[in-house]
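J.: Okay, handing you the structure first.
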């Protein structure tokens, strides 16, 4: 072998050795790393608690920014929310074939007027809306047209999933999402604050109770051919309104006519003469002031003549009546004689304390003031004692009645859920707790023996007071057109809720012997509501508990 060949072989051998040495380094590192991994896995499996090695993934939350905050009921049921609803707009200067474009748009959106669409396409304006709140299918079809001058602008639509159910409380918004009524308007600063997008507004409403009240009220309206109705349920110890219904109502999801009768919330907007429901206040102030006692009696044998006015009883007993009988049998004569003892000034002072001279306090706009007598003399004082000559809203009545039986505290109504127990020392004491206790028993007597008997519910101690008042038509009282109501509470041994029902111009039917008074048409509504909401609200039925003062009632005497 030549020396040159030996030299070449030596060079090759040397190169192979260098390459082999270079490969050994990464191979060693790979084996070392793999070995460490194996050792670590064995160590974890044998020597360490696997639970200590679990890494809990932090949930990823996405902040969704909405134009308006959601509104929920007290249990978290959605009452108002937003959905994506793009709007179709146009930049007219980019439309080259307006006639063809108008035809294509109307083919996708047949509810539009072609002439109106064409005028917008030919307009000299820089930007115009054609239609708001498009569906996903409509968005896809508009995109498919491919016209550069058509713009799909992202927007949101306010949706009310419960439809009509709480419309007067919620209110509604216009096409620009601007609030027009209800809590939408009252809490607009909160609801329109995008920083609060994930901080919903919780109302005091219980949508289950709201449904029951609306259902029973609508049934009674249809049964008695009434032109309207109102109903409420209030927690007497917190002022929380669990239900507020006014009929007829509206659906905020559709086209709303602001001036229509459906927009009127009868619970807060128009004062009415509440009739005998006011006798609760008359008896309470008489007892609380010490003017009369339960054993005092007054002569209701004959109609009472005061000046040129004669006061009669609708259910005349034509005998002397004590205070519980005057209340139970709803004697106008007896109430007038009692208030004569109380006096005009003391009557006015108490009614002012009961909140009957000012607007109610609740988170809604459009609240009305009571209508008081222009001149408040002796005869006006007497008529006011049984609810005539003074007009208040149903919310005034419900708030006042709550104070009469909750221990005497006047607690403002609220539509906002209270998450803490109320501070009892904060609320003014308008009657003593002793007087309040007496009023509980008297209201119970009115259901056991008086005109409120059709509000009776087996297992529940229901108390209340009927009210029937003639409406003022063309400046005069109408004997045919009446407001009939019943304000009830339960359970009367430990009252928790006040329930109110009112019908506007009900008509008597054969079943009611063609009578349309509060006892015949409104009391049964309250009874049905209590029967259904009692279990929902955790009020357990009880066996019969004898009412105090029943021994003062002579149910068989007189007429």
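J.: On the basis of being within 22 Å of residue 402 (Cβ to Cβ), in the same structural domain as residue 329 (by TED's automatic domain parsing), without any contact (Cβ under 8 Å) to a residue 60 or more places away in the chain and not in a loop (DSSP other than H, G, I, E, B), does residue 488 make the cut?
T.: yes
J.: Additional query: Let me spell it out: the conditions are (1) in contact with a strand residue (DSSP E or B) (Cβ under 8 Å, 6 or more places away or on another chain); (2) at pLDDT 95 or above, and residue 282 meets all of them except one. Which number is the exception?
T.: (1)
J.: Now, a different point. Going residue by residue through segment 420-433, is there one that turns out to be modelled with pLDDT of 95 or more, assigned by TED's automatic domain parsing to the domain that holds residue 517 and within 29 Å of residue 524 (Cα to Cα)?
T.: no
J.: Only residues that are in contact with a helix residue (DSSP H, G or I) (Cβ under 8 Å, 6 or more places away or on another chain) and touching a residue at least 40 places away in the same chain (Cβ under 8 Å): list them for segment 305-315, please.
T.: Correct list: 306, 307, 309, 311, 314.
So that you can scan it fast, the table gives a plain yes or no per residue for (1) without any contact (Cβ under 8 Å) to a residue 24 or more places away in the chain; (2) over 14 Å from the mean Cα position of the chain (by Cα); (3) farther than 22 Å from residue 519 by Cα:
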{"site": "244", "(1), (2), (3)": "no, no, no"}
{"site": "249", "(1), (2), (3)": "no, no, yes"}
{"site": "254", "(1), (2), (3)": "yes, yes, yes"}
{"site": "258", "(1), (2), (3)": "no, yes, yes"}
{"site": "266", "(1), (2), (3)": "no, no, no"}
{"site": "272", "(1), (2), (3)": "no, yes, no"}
{"site": "278", "(1), (2), (3)": "no, yes, no"}
{"site": "282", "(1), (2), (3)": "no, yes, no"}
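J.: Right, something else. Residues to consider are 418, 353; find the one that is surrounded by fewer than 16 Cβ atoms within 10 Å (Cβ to Cβ) and farther than 16 Å from residue 500 by Cβ.
T.: On the way: 353 fails: surrounded by fewer than 16 Cβ atoms within 10 Å (Cβ to Cβ).
Being surrounded by fewer than 16 Cβ atoms within 10 Å (Cβ to Cβ) and farther than 16 Å from residue 500 by Cβ holds for just one of 418, 353, which is 418.
J.: While we're looking at this one, here's another question. Please work out which residue is nearest to residue 301 (Cα to Cα), limiting yourself to segment 312-328 and to residues that are buried (at least 17 other Cβ atoms within 10 Å of the Cβ) and modelled with pLDDT of 95 or more. Step through it out loud before you land on a result.
T.: Going through segment 312-328, the residues buried (at least 17 other Cβ atoms within 10 Å of the Cβ) turn out to be 313, 316-317, 321-328.
After this cut, where a residue has to be modelled with pLDDT of 95 or more as well, the list is 321-328.
Details: 321: 9, 322: 12, 323: 15, 324: 16, 325: 13, 326: 12, 327: 16, 328: 16 Å.
The selected residue is 321.
J.: Also: With respect to residue 229, determine if the residue is surrounded by 22 or more Cβ atoms within 10 Å (Cβ to Cβ), on the phi > 0 side of the Ramachandran plot and in contact (Cβ under 8 Å) with a residue 12 or more places away in the chain.
T.: Spelling it out, it is not the case that residue 229 is surrounded by 22 or more Cβ atoms within 10 Å (Cβ to Cβ), on the phi > 0 side of the Ramachandran plot and in contact (Cβ under 8 Å) with a residue 12 or more places away in the chain.
J.: Which numbered condition trips up residue 357, out of (1) under 23 Å from residue 486 (Cβ atoms); (2) at pLDDT 95 or above?
T.: It is condition (1) that residue 357 fails.
J.: Which condition breaks for residue 305 when tested against (1) in a loop (DSSP other than H, G, I, E, B); (2) surrounded by fewer than 16 Cβ atoms within 10 Å (Cβ to Cβ)?
T.: Looking at each condition in turn, residue 305 falls short on (1).
Residue-by-condition table, conditions (1) surrounded by fewer than 19 Cβ atoms within 10 Å (Cβ to Cβ); (2) within 19 Å of residue 254 (Cβ to Cβ); (3) modelled with pLDDT of 90 or more:
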site	(1), (2), (3)
81	yes, yes, yes
107	yes, no, yes
119	yes, no, yes
132	yes, yes, no
179	no, yes, yes
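J.: Kindly indicate whether residue 65 is assigned to a helix (DSSP H, G or I) and either modelled with pLDDT of 90 or more or in contact with a helix residue (DSSP H, G or I) (Cβ under 6 Å, 6 or more places away or on another chain) (or both).
T.: no
J.: Looking at segment 269-279, is at least one residue assigned to a loop (DSSP other than H, G, I, E, B), at positive phi and in contact with a strand residue (DSSP E or B) (Cβ under 6 Å, 6 or more places away or on another chain)? Even if it seems obvious, please write down each step before you answer.
T.: Of the residues in segment 269-279, the ones assigned to a loop (DSSP other than H, G, I, E, B) are 269-271, 273-274.
From what's left, at positive phi: none.
No: segment 269-279 contains no residue that is assigned to a loop (DSSP other than H, G, I, E, B), at positive phi and in contact with a strand residue (DSSP E or B) (Cβ under 6 Å, 6 or more places away or on another chain).
Listed here are the residues, each with its yes/no results for (1) surrounded by 18 or more Cβ atoms within 10 Å (Cβ to Cβ); (2) at pLDDT below 95; (3) touching a helix residue (DSSP H, G or I) at 6+ places or on another chain (Cβ under 8 Å).
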site	(1), (2), (3)
141	no, yes, yes
153	no, yes, no
168	yes, no, yes
199	no, yes, no
225	no, no, no
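J.: Of all the residues that make up segment 519-551, how many are in a helix (DSSP H, G or I) and either touching a helix residue (DSSP H, G or I) at 6+ places or on another chain (Cβ under 7 Å) or surrounded by fewer than 13 Cβ atoms within 10 Å (Cβ to Cβ) (or both)? So that I can check it myself, show each step before the final result.
T.: Here is the first cut: in segment 519-551, the residues in a helix (DSSP H, G or I) are 519-536, 550-551.
Remaining after also requiring either touching a helix residue (DSSP H, G or I) at 6+ places or on another chain (Cβ under 7 Å) or surrounded by fewer than 13 Cβ atoms within 10 Å (Cβ to Cβ) (or both): 519-521, 523-529, 532-533, 535-536, 550-551.
Counting residues in segment 519-551 that are in a helix (DSSP H, G or I) and either touching a helix residue (DSSP H, G or I) at 6+ places or on another chain (Cβ under 7 Å) or surrounded by fewer than 13 Cβ atoms within 10 Å (Cβ to Cβ) (or both) gives 16.
J.: Closer than 23 Å to residue 522 by Cβ and either surrounded by fewer than 21 Cβ atoms within 10 Å (Cβ to Cβ) or assigned by TED's automatic domain parsing to the domain that holds residue 525 (or both), is that true of residue 208?
T.: In short, yes.
J.: Within segment 459-472, is even one residue within 28 Å of residue 295 (Cα to Cα), in contact with a strand residue (DSSP E or B) (Cβ under 6 Å, 6 or more places away or on another chain) and assigned to a loop (DSSP other than H, G, I, E, B)?
T.: Scanning segment 459-472 turns up at least one residue that is within 28 Å of residue 295 (Cα to Cα), in contact with a strand residue (DSSP E or B) (Cβ under 6 Å, 6 or more places away or on another chain) and assigned to a loop (DSSP other than H, G, I, E, B).
The values are calculated or read from the model by the stated rules, or taken from the named source; none is laboratory data. This is a predicted model, so every value here is computed, not measured. Ideal geometry is used to build each Cβ from the backbone, glycine not excepted, and the neighbour counts take in all protein chains shown.
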